[in-house]
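Have a look at the structure below before the remarks.
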Amino acid sequence: MKKLIPFMFFALLLTSCSTGYQKPVLYYWGGNVNSVTTRYDKAFYNNYKKQSPESVCELICTYEDMLNNPGGARKVPPPGICAEYAYLLLQAGAADTFANNATDSQKKVFKTSDYGALFRQKGAELLEKEMTLYPESALFIKPLVEKFKSTMQ
């Protein structure tokens with residue numbers, strides 16, 4: 001019986017650590033795919049690992065979800081997400097890739113079929129939004145905005 005007491009104390013100690021309390025997250029990263037991977041993690045990795053038209057479409061929709069449903073404690077997109085998304089939208093061929101390869105459900109995310117104009121406008125707005133939400137990013141984002149504006153004239 002005396003040998004059982006330290007074991008019971010240790011078991012009680014371990015079970016008391018699990019209270020079911022989850023620490024609130026600061027930002028929303030696109031929902032969990034599993035206990036450690038978010039939708040953003042999966043989409044970004046898949047696109048990085050082997051960029052395909054399908055992976056680009058999935059990444060665009062993931063970014064859009066993160067912007068339209070900003071969860072977490074701050075209720076704003078995570079730092080850098082607006083700039084990453086803008087960069088993706090402003091890349092040459094992104095609109096055509098999306099138009100030609102997105103599924104019908106992915107296309108419903110945007111209520112237009114003119115993806116070229118939408119992506120250019122949204123990309124410019126997102127760069128501005130990044131600087132508004134995270135002023136420290138202006139050092140890096142302002143030159144991109146100026147370059148983008150000069151190419152659009």
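Read the figures in this text as sums done on the coordinates, not as results from a lab. In this text, all values refer to a predicted model and were calculated from it rather than measured experimentally. Backbone-built Cβ (ideal geometry, glycine too); neighbour counts: all protein chains shown.
For a quick check: with amide H placed at 1.01 Å from N, whose amide H comes under 5 Å from Thr38's, ignoring anything fewer than 5 positions away on the same chain?
Amide H to amide H, under 5 Å and 5 or more residues apart or across chains, Thr38 pairs with Val33.
Please turn the phi angles of the range 79-89 into ³J(HN,Hα) values with the Karplus equation 6.51 cos²θ - 1.76 cosθ + 1.60 (θ = phi - 60°), one per residue in order, whole Hz, x for glycine and proline.
Rounded to whole hertz, the list is x, x, 5, 4, 5, 4, 5, 4, 4, 5, 5.
Based on alpha-carbon centroids, what's the gap between the range 31-45 and the range 90-153 in Å, whole number please?
Between the Cα centre of the range 31-45 and that of the range 90-153, the gap is 23 Å.
Compute, for the range 25-152, the length of the dipole vector about the Cα centre, with Cβ point charges of +1 (Lys, Arg) and -1 (Asp, Glu) only. Units Debye, rounded to 20. Let's see the in-between values first.
Values: 15 positive and 14 negative charges, 17 e Å.
Computed about the Cα centre, the dipole is about 80 debye.
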